[in-house]
1. Enumerate by residue number the GluC sites (Glu not before Pro) in region 329-415 meeting two conditions: DSSP loop (anything except H, G, I, E, B), and at most 12 other Cβ atoms within 10 Å of the site's Cβ.
2. How are the C-alpha pair distances of region 629-710 spread across 5 Å bins, as whole percents from the shortest bin up?
3. Run through region 107-215 and list the trypsin sites (Lys or Arg not before Pro) located in a DSSP loop whose Cβ has at most 15 other Cβ atoms within 10 Å.
4. Please rank VAL697, VAL25, VAL501, fewest neighbouring Cβ atoms within 10 Å first, as an exposure proxy.
5. With the contact rule set at Cα under 8 Å and sequence spacing of 6 or more, what percent relative contact order holds for region 560-621?
6. Please work out whether region 46-193 counts as rounded, prolate or oblate from its C-alpha gyration tensor, where a ≥ b ≥ c are the square roots of the eigenvalues and a/c under 1.5 means rounded, while otherwise a/b larger than b/c means prolate and anything else oblate?
7. Would you please report the Å³ per residue occupied by the convex hull of the alpha carbon atoms in region 1-81?
8. Between region 391-412 and region 489-566, what's the alpha-carbon centroid distance in Å?
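Any read-out appearing in this document is the output of simple, stated calculations on the displayed coordinates, not a laboratory observation. All figures in this text were calculated on a predicted structure; none of them were measured in a lab. Glycine also receives a Cβ, built like all others from the backbone with ideal geometry; neighbour counts cover every protein chain displayed.
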Amino acid sequence: MQVFDGSRIYTAEVGGRPLSIETGVLAIQAGGAVTVRYGDTVVLATATMSKDVRPGINFFPLTVDFEEKLYAAGRIPGSFFRREGRPSEQAILLSRLVDRPLRPLFPKGMRNEVQVILTALSIDEENLLDPLAIIGASAALTISDVPWNGPVAGSTIGFIDGEYVVNPTATAMENSRLNLMAAGTRDNILMVEAGAHEIPEDMMLEALKMAHEANQSVISLIDAMQAEAGKEKNTVQFFLPAPEVQERINVLAKDEVGGVLAAGLDKISLKDSLDQVRADVEESLAENLASEEVTAADIADAMSAVIKEATRSRILNEGVRPDGRATDEIRPIRIQVGKLPRVHGSGLFMRGDTHVLTIATLGTPGDAQRIDTLQPTDDKRYMHHYNFPPYSTGEAYPLRGPRRREIGHGALAERALLPMIPEDFPYTLRLVSEVVSSNGSTSMASVCGSTLALMDAGVPIAAPVAGIAMGLVQDAETGAYKVLSDIQGMEDALGDMDFKVAGTEHGITALQMDLKIKGLDFSILTEALEQARVGRLHILGKMLEALPASRDHLSPYAPRILSLHVDPEKIGKIIGPGGKTVRALQEKYAVKVDIEEDGTVYVSGEGEGAEQALDEIQSMTEDVEVGKIYTGTVVRVEPYGAFVNILPGVDGMVHISQLADYRVDKVEDIANIGDELTAMVIDVDPGGRVRLSRQAVLEGWSVEDARERDKGGARTGGGNRRGGRERGGRDDRRPRR
């Protein structure tokens, strides 16, 4: 530790570079505050708890917000107001990433509002924000007066050039087969978020172990901070049913709940039956409710405990789940593709009562999403959006745009499919997954539906991708556990783990894990990964029965995109002054032209317009080739020859002696302004002047023959690119038309 003017700085080496955490200077009135520095990336993290509890709430109100300040990267926001507005998608995803390992470590029954705010103060665009944000939030909570059972730490693992790398830079990560973020305590991993290029399960497990080891030095650092600079934790009220109330409701409801669970009902029937049991309990306790000895919230919490215990006990002791399935059994799968007539591609994936309809839309390169955030990405040409409307769960509430959960699920499905999109596929892709019925695992159903939609649209994906959500029920005292395949909503709510795995038959492309317990043993994780692999292959088989491969043609309603590569120095010629040339092309042929910095030109449109526009662009940027025959328009006539426009911006001169296969007395006898003339390029001098021969075409001469015959011709003129001077003619900088 170092002490400077009231501040305390703690340093550890992580990934071969120093990481420092400072406290005591910024945000001194917050419950806890630190700044974390890694390279030149600096994040301020604060944690503050309200003293009072909001009346009427029956949940723990934790909020995590990442404040994305563009000044951190030396940039001014591009919006009209020139200030940051609503959080970007990247900021929301980072907030969720931090929330997930923090939440399970707060005491059960806590109702005080806790707010964690993360602010990027400096960004070097090399050191990734994700691990710093988790470390900063953990350190701020640990030294604060907020009750919390941390600390945690987070590390990013890449697989680059055949080796695992801890916290690789953003530049190095561009060449990585793996981008894994794992956070956990000293004992176990709590949260995992990963994207990969078909990483096998054993490699993924090795990366998780490395992340866990890398986290230990940071956890020790935060423990040292707490010992020296930590505040005393506040005393708060925990809202849990009194033991006697819980015991009484156990007696009233335990057998009834067990009977409902044993009936193997569907989601709606199960909910209705459990609601009836709850209503019967409330009726039995009507006098206690009236005297306020027991509240409705007490009954709701106690009933939830009874249902949870009965469900978990049945799974652990009998291996039977609420819907009657075995622990490794997957719900019945039904699939439809091409369901919608005018869209570019669609896939309806139904697994039990979870139904997701995904629609694929193909756009032009110009439709890519521009990104104005602190992340290194500038634009996105593959987007996945996930919608979870209220009717999908039989509810009714106002629609207010996508919530954080929906943005997170869309990002997970996007991450799962992105490695399978060919890099040379010129289209911008947008997939929208509409959850039309939900009973758990909707994000993984979105992965499956999206694969089907892409294949239906004719996108040549490298391999189909399927996803499965795994669960866990573990006895805290005995350690007995059951890993569950394809969890439904009730198992997600009452279980100890939500573990989503997506991938191809060859390996994992995306992974996400959240735990509600304090950690997960690696032996259980190994079993869960293998059980997920088996389930994923089963689902892939069902998908390929419905659509064995991508269609061999694009939808007739999708735009057609043609491309060519030009010399980047000639891009200005295509664009023209102020964009005049490219706009004229787009209007003339009813197309859209997109130009990349590397000289790649995309032309999208319908019918022959795209091909015609591409031909014109090619001719605009084409270099004159000696020996090639061109047909052009006569743009100027002189006594010694005719000037012919053979390419946009390029004129060549046909000497009078080369105009025909006989003697020509007057140029106008053969060529007049506006006439079409076919001639061969026989010379281009160092100044760019082009010399043509019509006689070579008429006689069938080679370039060498034409040049030999031309030696006897007059030397009174020369071809030129527009705007140059002629030799032997007028000193005219503007060629006459």
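1. Working: sites: GLU329, GLU395, GLU406, GLU414; in loops: GLU329, GLU395.
When the GluC sites (Glu not before Pro) of region 329-415 are filtered for loop state and at most 12 Cβ neighbours within 10 Å, GLU395 remain.
2. In order of increasing distance, the bins hold 3, 18, 30, 27, 17, 5, 0 percent.
3. Details: sites: LYS108, ARG111, ARG177, ARG186, LYS209; in loops: LYS108, ARG111, ARG177, ARG186.
Of the trypsin sites (Lys or Arg not before Pro), the ones in loops of region 107-215 whose Cβ has at most 15 other Cβ atoms within 10 Å are LYS108, ARG186.
4. Values: VAL697 19, VAL25 15, VAL501 28.
The order, fewest Cβ neighbours first, is VAL25, VAL697, VAL501.
5. 44 percent
6. On the way: a/c = 2.44, a/b = 1.27, b/c = 1.91.
Because a/c hits 1.5 or more and a/b fails to exceed b/c, region 46-193 counts as oblate.
7. Numbers: hull volume 15.5 nm³, N = 81.
For region 1-81, the hull spanned by Cα atoms encloses 191 Å³ per residue.
8. One Cα centre to the other: 21 Å.
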